[in-house]
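Report on one structure; see the data block that follows.
The numbers here are math on the coordinates, done by the rules we state, and not lab data. Nothing here was measured: the structure is a model prediction, and the numbers come from that model. Don't worry about glycine lacking a Cβ; one is built from the backbone with ideal geometry, like all the others, and counts go over all protein chains shown.
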Amino acid sequence: MRRRSIKIASLFLLGMGISEIIMQLKSAPQDATSTTREVQEDTEKRTLCTMEQLVQGKWTMGAEKDKPPYIPTPGERQQKTCRGFDPSARWQDWEWTPEDHSRCDFLNSDIDSNLFCSLVRNKTIVIQGDSISFDHFLSLTHLLGVPVAPPARVPKDPLRVSKICNGTSMLIGKKDFHLQQVGRIINEFHPDVMILNQGAHYVSDEQLIQHLNSTVIPHIANWQDECVLEKKDCHFVWRSTVPGHPYCTQFTKPAESVEEMETIIASSPQYNWDKLKGQNELVMDLLSRSSLLTEFNILDGYPINILRPDLHGPKKNDCLHTCLPRDNIYSFITLHLLRLWSE
């Protein structure tokens, strides 16, 4: 019998109401005389937030900075750059703050490339799935300082390979809406980390579960077996899907209530967005019951980014895709998972 190690971020959280997900932020008052050294020592004493702690929080306004975290490449600007983005202006943005931030650590405003590279040395990370997954890949390449400019003519299912950490590691971005090419990517790149999501390209519950059971999970299970034989420390991550936000152009800041956003989505059931919460639960239940998988992790973006109806790009009719350089939360959580795995 295969030994299983299951790490679930928040299976139960998707079904919870806003009163249980968003609590009043309790920030410990800080002594005005505290030195930077004392603050750093306090941070070092805190343990890393568990994934359950991480998804319970709220969006808070971060400190003002001299410049944006990065500038999207020309080929990304047409559809993905945030409204009103000025690369020469000072920068201030919303940051995800876990409810337990005074007791646990989560780096929510930048990527420490030295830390990241120390955790992925000689490793390959694959981010594969819908267009939001591809944006996750783009965000991470920018934050690591190694963006790859898109070709003049971009295919519908692009594959991008970015050498990171002075060429010692690889980051793979693969747009694969229905996860038809998981086996091909595994065979070609032999990854150490697989981050998958099927996303908002809706299929029926029956089709979704059948495809995962017959194709995706067997490919992942075979890959996990190969990792064991090769004595590689491999990790499988499933990212939950966040629906689009009807009337997104009317929002100028993050929402505070998951329940309120779910009500708005349910009242305007376009593109089957109202069914995605239920499908997240189906997939998490399927993964937890699978006898084939030895390990999996959930990157649960649902309770975090459902609160960002303000985070969409300049196209008025696009209330699904978020925009660069503001949406980097999945990159920050990726680093957080790497830190948790290293403990």
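Inverting the mean 1/r over all pairs of different Cα atoms, compute the Kirkwood radius of the range 182-316 and quote it in Å.
16.5 Å
State the answer as a single residue: which of Leu311, Ser331, Ile298 lies farthest towards the positive end of the charge dipole of the range 295-335, with beta carbon charges of +1 for Lys and Arg and -1 for Asp and Glu, about the Cα centre.
Checking the options against the dipole of the range 295-335, the answer is Leu311.
Over the alpha carbons of the range 67-143, what is the largest minus smallest coordinate on each principal axis, giving the biggest first in Å?
Taking max minus min along each principal axis of the Cα atoms, the range 67-143 gives 38, 32, 24 Å.
Please list 244-252, 132-140, 218-226 highest first by mean number of surrounding beta-carbon atoms within 10 Å per residue. Could you put the intermediate results ahead of the total?
Details: 244-252: 16.2, 132-140: 25.1, 218-226: 17.8.
The densest-packed peptide leads the list: 132-140, 218-226, 244-252.
Can you give the log10 of the normalised intensity I(q)/I(0) at q = 0.16 Å⁻¹, computed with Debye over equal Cα scatterers of the range 198-257?
Log10 I(q)/I(0), no solvent term: -0.73.
Hey, which of these cross-link pairs are over 24 Å Cα-Cα: Lys156/Lys277; Lys67/Lys175; Lys65/Lys163; Lys175/Lys315? Numbers along the way, then the final one.
On the way: Lys156/Lys277 26 Å; Lys67/Lys175 30 Å; Lys65/Lys163 28 Å; Lys175/Lys315 21 Å.
Correct reply: Lys156/Lys277; Lys67/Lys175; Lys65/Lys163.
Please state the Cα pair-distance histogram of the range 145-225 with 5 angstrom bins from zero: what percent is in each bin?
3, 12, 22, 20, 20, 13, 7, 3, 0
Pulled fully out, how much extra length does the chain show between Thr252 and Ser88, if you take 0.36 nm times their separation in residues and subtract their Cα-Cα distance? Intermediate results must be reported in sequence, preceding the final value.
Details: separation 164, 0.36 × 164 = 59.04 nm, distance 2.14 nm.
Net length gain for the segment: 56.9 nm.
Would you please put 47-56, 160-169 in order of how densely packed they are, using the mean number of other Cβ atoms within 10 angstrom per residue and starting with the highest? Walk me through the numbers on the way to the answer.
Details: 47-56: 19.3, 160-169: 15.2.
Output ranking for 47-56, 160-169: 47-56, 160-169.
Provide the net charge surrounding Asp176, with neighbours chosen by a C-beta distance below 15 Å and charges set as Lys +1, Arg +1, Asp -1, Glu -1.
Numbers: positive: Lys156, Arg160, Lys174, Lys175, Arg184, Arg239; negative: Asp130, Asp135, Asp157, Glu188.
Result for the neighbourhood of Asp176: +2.
Counting other Cβ atoms within 10 Å, keep those with at most 12, restrict to DSSP loop, and tell me which trypsin sites (Lys or Arg not before Pro) in the range 280-343 are left.
On the way: sites: Arg289, Lys315, Lys316, Arg326, Arg339; in loops: Lys315, Lys316, Arg326.
When the trypsin sites (Lys or Arg not before Pro) of the range 280-343 are filtered for loop state and at most 12 Cβ neighbours within 10 Å, Lys316 remain.
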